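Worksheet for the structure shown next.
The values are calculated or read from the model by the stated rules, or taken from the named source; none is laboratory data. Everything numeric here is computed off the predicted structure, so don't read it as measured data. Note: ideal-geometry Cβ built from the backbone for every residue, glycine included; neighbour counts use all protein chains shown. We work out accessible area using only protein heavy atoms, side chains counted, and drop any ligands, DNA or RNA first. Shrake-Rupley method; radii C 1.70, N 1.55, O 1.52, S 1.80 Å.
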Amino acid sequence: MDNLNTYIKRLESALSNEEAYSTYNRDMFHAAVVVVAGIRHAKNEICLLSNQLNPALYGGHGLLNVARSFLQNEKAKLRVLVETDISQDHPMMDLCHEFPQKVSISRVPDELQEKYDFNFLLIDDIGYRFEHDRKKYKAIASFYKPDRKENIDAMKRHFNKLEKQCRVILWPLKSDNVSP
């Protein structure tokens, strides 16, 4: 656990001070640290391309709390592309209900998934977490590194192109949101 705590401190310090930082993720615990820290430091836009939007990673209270805090920002947008179906009771769907103008979750058609093997998380224009293999949590994370701007731009182009070909996942209103 000391290694994970050290990992958290280094990442949080770099992001708080807007210092160049790169690291390697090797498992879901490290992935969660990067995802939560990235969202905590996001200002305007988060773009997530995820294979299955695993609730163990994208459904915990810590992540949802920092996402809610981020979405309180006037310009905040959370754009999610998921490659598999997700259930209506997925914790991320709560964010869709709470922030319908700021959160979108769309399904990537199966035939488009055959054209790439990776997944990623983009945090504004400051950094990313990139999985070379969508089936594993092993990833490279990089923030505030000017030499990685090309990578960020390429991921953003890929995300935008994919998003145009996806279908938005619609969710029913929760009963407490329905007016009488």
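When only residues in the stretch 25-44 that are at pLDDT below 95 and not in a helix (DSSP H, G or I) count, which is surrounded by the most Cβ atoms within 10 Å (Cβ to Cβ)? Residue satisfying both the conditions and the ranking: Asn25. Looking only at residues in the stretch 136-164 that are at pLDDT below 95 and in a loop (DSSP other than H, G, I, E, B), the one that is farthest from Gln52 (Cα to Cα) is Lys138. Within the stretch 50-65, the residues that satisfy the criterion of being out of contact with any His (no Cβ under 9 Å at 6 or more places or on another chain) and in a helix (DSSP H, G or I) are Ala56, Leu57, His61, Gly62, Leu63, Leu64, Asn65.
Among the residues of the stretch 92-113, is there at least one that is of a type in the set (Lys, Arg), open to solvent by 50 Å² or more (accessible area, probe 1.4 Å) and assigned to a loop (DSSP other than H, G, I, E, B)? No. Among the numbered conditions (1) open to solvent by less than 30 Å² (accessible area, probe 1.4 Å); (2) part of a helix (DSSP H, G or I), the only one that Cys47 does not meet is (2).
Let me confirm something: among Phe120, Phe130, which residue is surrounded by 12 or more Cβ atoms within 10 Å (Cβ to Cβ), under 17 Å from the mean Cα position of the chain (by Cα), in contact (Cβ under 8 Å) with a residue 40 or more places away in the chain and not in a loop (DSSP other than H, G, I, E, B)? So the residue among Phe120, Phe130 that is surrounded by 12 or more Cβ atoms within 10 Å (Cβ to Cβ), under 17 Å from the mean Cα position of the chain (by Cα), in contact (Cβ under 8 Å) with a residue 40 or more places away in the chain and not in a loop (DSSP other than H, G, I, E, B) is Phe120.
Taking first residues from the stretch 56-82 that are within 16 Å of Arg40 (Cβ to Cβ) and partners that are open to solvent by less than 70 Å² (accessible area, probe 1.4 Å) and aromatic (Phe, Trp, Tyr), the Cβ contacts under 6 Å between residues at least 6 apart in sequence or on separate chains come to Leu71/Phe99; Ala76/Phe70. Look at Glu12 and say whether it is surrounded by fewer than 20 Cβ atoms within 10 Å (Cβ to Cβ), without any contact (Cβ under 8 Å) to a residue 40 or more places away in the chain and more than 19 Å from Tyr128 (Cα to Cα). Taking the combined requirement at face value, the residue does not satisfy it. Consider Leu15 carefully, then state whether it is part of a helix (DSSP H, G or I) and at pLDDT 95 or above. Yes, satisfied. Taking residues in the stretch 16-31 that are within 15 Å of Lys149 (Cα to Cα), and partners anywhere that are basic (Lys, Arg) and open to solvent by 40 Å² or more (accessible area, probe 1.4 Å), the pairs with Cβ atoms closer than 6 Å and at least 6 places apart or on different chains are Ala20/Lys145.
Name the residue that is surrounded by the most Cβ atoms within 10 Å (Cβ to Cβ), counting only residues in the stretch 51-91 that are of a type in the set (S, T, N, Q) and either more than 14 Å from Ile39 (Cβ to Cβ) or touching a Lys or Arg at 6+ places or on another chain (Cβ under 9 Å) (or both).
My answer is Asn51.
Restricting to the stretch 133-143, and then to whatever is open to solvent by 50 Å² or more (accessible area, probe 1.4 Å) and not basic (Lys, Arg), can you tell me which residue is farthest from Glu18 (Cα to Cα)?
Once the filter is applied, the top-ranked residue is Asp133.
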